[in-house]
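First comes the structure, then the notes that go with it.
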Amino acid sequence: MRKGTAEKFRRDLTILLGLSIVYLGFAWFVTNSYYQLILTLVPIWAAFSVSWNILSGYAGQLSFGHASFFGIGGYTMTLALVWWDITPWLGIPLGMIVAGAAAVVIGVPTFRLRGHYFALSMLAYPLAILYFLQYFGLAEVTLPMHRENPAAYLEFTDPRYNTLVAVGLLAIAVFVCILIENSRFGLALLAIRQNELAAEAAGIDSKTWKMRALVVSGMIAAAAGGFYACVQLVVTPDSTFGMLVSAQPVVMTLFGGVASLWGPVIGAAFLVPLSKFLDAFASDITLWGMQFHGIQGVVYGGVVIAIILSAPDGVFWTVRDRFFKPKAAAPLPPMKPAPIVAASDVAPGAPLMVVDGLSKSFGGLRAVNNVGFTIAKGEILGIIGPNGAGKTTLFNLLNGVLPADEGTATLAGQTMLGKKVHEVCRMGVGRTFQVVRSFPRLPLIDNVIVGAYGAGLTDQEAEDEAVRALHRVGLADQASLAAGQLTNKQLRLMELARALAGRPRVLLLDETLAGLGREECDDVLDVLNRLRDEGMTIGIIEHTMHAMLRIADRFVVLNYGAVLAEGPPREVVENRTVIEAYLGKKWLAKHA
């Protein structure tokens, strides 16, 4: 765990312990069985919502079918008890294991989809399981009573013990969430949620992290479903796999605050009692001599809509942003005197990256056509050309965003093509983008730490490397600011720092000066010149010619996807074919 998260970890644990004690203390004095049932259901649904929040809140993978895991937990525990007389204390963990395995089976095909396609495909799984159970005669399974040893079968005569177990279940779920939030796991999920391509380019294997989130999420949901079956003493497909079951964690987490630790708890603590009280006291209402049946659903929906409209980010985020301003972070420690430059297998001045015959077509359009060049170790290679020349497509081929049709590309003799984006990053290729890809809700320091995690560094190494990278680009004083508050120049430097934190062998910079004024360009160029002095190898795409002439050692000119010219900067810019490509034949003839 990083030093920066230790204080938050202790604070969240203290809050969790305090809330658990207060809740149990209150529940212990409630004698009404119906109210006690409500007090038991609140932590069960909260735990279910916490599980949904791990996948859909932190990782951003919206699921409309999380009842799959809730129901698997409920049915596995129940059938293990009915068929083999296995105590729920073992049946619930068994259900978690089955749900974890089901998560892998579900995730392998479904993570190929994105956005609303993923959300809708997840909805299909609980419906398929529901019809399967009905077809095989498991439409209603009742738990047998065990009067002789109720504690072993979670069949307490005093319902307060159910509440005690439910609170313990929720405390474990929230504790797991605290661990995730304060680790590289949580930071990787938040990065994937906010910009998956940027996370991949920083070395994060997004598919693996999303699969881990789905497995953990599914296992927690199964535990909630298993104990829910114990409380209800019966399971049915509709009560565990139904669409309303899948909707519950979505509504509760949206109400409380998505991607927050306490949002699901807040949502369950408000909405479960509200729903139960409306069912008990507002199912039939007489107004103006007319009787309204089933009006509780309308009232419930109206209350939820009203609160979500007044707090669209959820109750937690709205209250926090309005009443609890974050404290200013302590200044970063001074930069260590000797920044680390990644080791390489080649000598200074020898070719580090070699590209040969690289081609890519989109239908009938040849975007990159038989491109070849080298970048020597310690060199800054400027890649220029008119708009649409294929420069960004070239970078996308080199770092794995797009597959190449033909050609080769190697880094210190190792092939780059055919690898995934995060694998190319792990080879030592840092990348920035034409349009800045930040994680806007994360602090600047966390944006950069993601790059260090992508390089496989430990927590402490990653934090130290991120601090060093921020000092190298001159952003150490802004480390605590959210990326969404940064200026364009700061965002450009932040993306550069994130690439540096991964200890790259070579940097591929895509229009790092885009949108900057002259003074801002000078600041960024100063940073690039310092990196050159440190021995960094850079390939840079840029349209600002005066800036490229100041920093580039050599130019490669692309036009219509092919190499038009290559050589020293002054020689290239005076080349008639290059001038014609940029300004056209008419301009060249007029000024000949």
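The values are calculated or read from the model by the stated rules, or taken from the named source; none is laboratory data. Since this is a predicted model, take the numbers as computed values, not measurements. Note that we place each Cβ from the backbone using ideal geometry, even for glycine, and neighbour counts take in every protein chain shown.
For the stretch 408-462, name all the residues that are in a strand (DSSP E or B) and either without any contact (Cβ under 8 Å) to a residue 40 or more places away in the chain or assigned by TED's automatic domain parsing to the domain that holds TYR58 (or both). So that I can check it myself, show each step before the final result.
Just the residues of the stretch 408-462 that are in a strand (DSSP E or B), to begin with: 408-411, 414-415, 429-431, 443.
Result: GLN414, THR415.
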| note | Within the stretch 478-497, residues being assigned to a helix (DSSP H, G or I), touching a residue at least 40 places away in the same chain (Cβ under 8 Å) and among the hydrophobic types (A, V, I, L, M, F, W, C) number 5
| From GLY378, GLY400, residue being within 31 Å of the chain's Cα centre (by Cα), modelled with pLDDT of 90 or more and at positive phi | GLY400
| said: Suppose we keep only residues that are among the small types (Gly, Ala, Ser) and under 19 Å from the mean Cα position of the chain (by Cα) within the stretch 98-117. Which one would you say is surrounded by the most Cβ atoms within 10 Å (Cβ to Cβ)? | reply: ALA103
| Regarding LEU475, is this residue buried (at least 20 other Cβ atoms within 10 Å of the Cβ), in contact (Cβ under 8 Å) with a residue 40 or more places away in the chain, farther than 21 Å from ILE180 by Cβ and not acidic (Asp, Glu)? | no
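Quick check: anything in the stretch 505-520 surrounded by 14 or more Cβ atoms within 10 Å (Cβ to Cβ) and in a helix (DSSP H, G or I)?
Taking every residue of the stretch 505-520 in turn, at least one turns out to be surrounded by 14 or more Cβ atoms within 10 Å (Cβ to Cβ) and in a helix (DSSP H, G or I).
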| Filter the stretch 163-208 for residues that are among the small types (Gly, Ala, Ser) and farther than 30 Å from THR432 by Cβ; which is nearest to the chain's Cα centre (by Cα)? | ALA173
| Among (1) among the aliphatic types (A, V, I, L, M); (2) under 24 Å from ILE551 (Cβ atoms); (3) modelled with pLDDT of 90 or more; (4) buried (at least 22 other Cβ atoms within 10 Å of the Cβ) - the single one ALA389 does not satisfy | (3)
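Being more than 19 Å from PHE241 (Cα to Cα) and in the same structural domain as ILE220 (by TED's automatic domain parsing) narrows it down to one residue among GLY57, GLY65, GLY74, GLY91; which is it?
GLY57
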| query | Given the conditions (1) under 30 Å from SER20 (Cα atoms); (2) surrounded by 13 or more Cβ atoms within 10 Å (Cβ to Cβ), which single one is not true for LEU120? | reply | (1)
| Number of the exception - TYR125 against (1) crowded, with 20+ Cβ neighbours inside 10 Å; (2) over 26 Å from the mean Cα position of the chain (by Cα) | (2)
| task | Scan the stretch 359-375 for residues that are surrounded by fewer than 23 Cβ atoms within 10 Å (Cβ to Cβ) and either touching a strand residue (DSSP E or B) at 6+ places or on another chain (Cβ under 9 Å) or at pLDDT 95 or above (or both) and jot them down. | result | SER359, LYS360, SER361, ARG366, ALA367, ASN369, ASN370, GLY372, PHE373, THR374
| remark: For the stretch 507-532, pairs from a residue that is over 24 Å from MET427 (Cα atoms) to a residue that is surrounded by fewer than 14 Cβ atoms within 10 Å (Cβ to Cβ), with Cβ under 6 Å and 6 or more apart or across chains, are GLY515/ASN488
| message | Quick check on the stretch 410-421. Is at least one of its residues modelled with pLDDT under 95, more than 18 Å from MET536 (Cβ to Cβ), surrounded by fewer than 20 Cβ atoms within 10 Å (Cβ to Cβ) and of a type in the set (A, V, I, L, M)? | response | yes
| request: Just name the residue that is surrounded by the most Cβ atoms within 10 Å (Cβ to Cβ) out of those in the stretch 214-247 that are among the small types (Gly, Ala, Ser) and out of contact with any Gly (no Cβ under 9 Å at 6 or more places or on another chain). | output: SER217
| request: Being within 17 Å of GLY186 (Cβ to Cβ) and basic (Lys, Arg) is the filter here, so list the residues in the stretch 434-461 that pass it. | output: ARG441
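Mind telling me which of the residues LEU507, LEU493 ends up being modelled with pLDDT of 90 or more and farther than 29 Å from GLY372 by Cβ? Outline the logic, then answer.
Details: LEU507 fails: farther than 29 Å from GLY372 by Cβ.
Going through LEU507, LEU493 in turn, the sole match is LEU493.
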| query | In the stretch 301-321, which residues are within 17 Å of PRO264 (Cα to Cα) and among the hydroxyl-bearing types (Ser, Thr, Tyr)? | reply | THR318
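Which residue is nearest to ALA59 (Cα to Cα), if the candidates are limited to the stretch 258-301 and must be among the polar types (S, T, N, Q) and modelled with pLDDT under 90?
If we filter the stretch 258-301 for residues that are among the polar types (S, T, N, Q), which is where we start, we get 260, 275, 283, 286, 291, 296.
Still in the list and also modelled with pLDDT under 90: 275, 283, 286, 291, 296.
Details: SER275: 29, SER283: 38, THR286: 46, GLN291: 46, GLN296: 34 Å.
Filtering the stretch 258-301 for residues that are among the polar types (S, T, N, Q) and modelled with pLDDT under 90, the one nearest to ALA59 (Cα to Cα) comes out as SER275.
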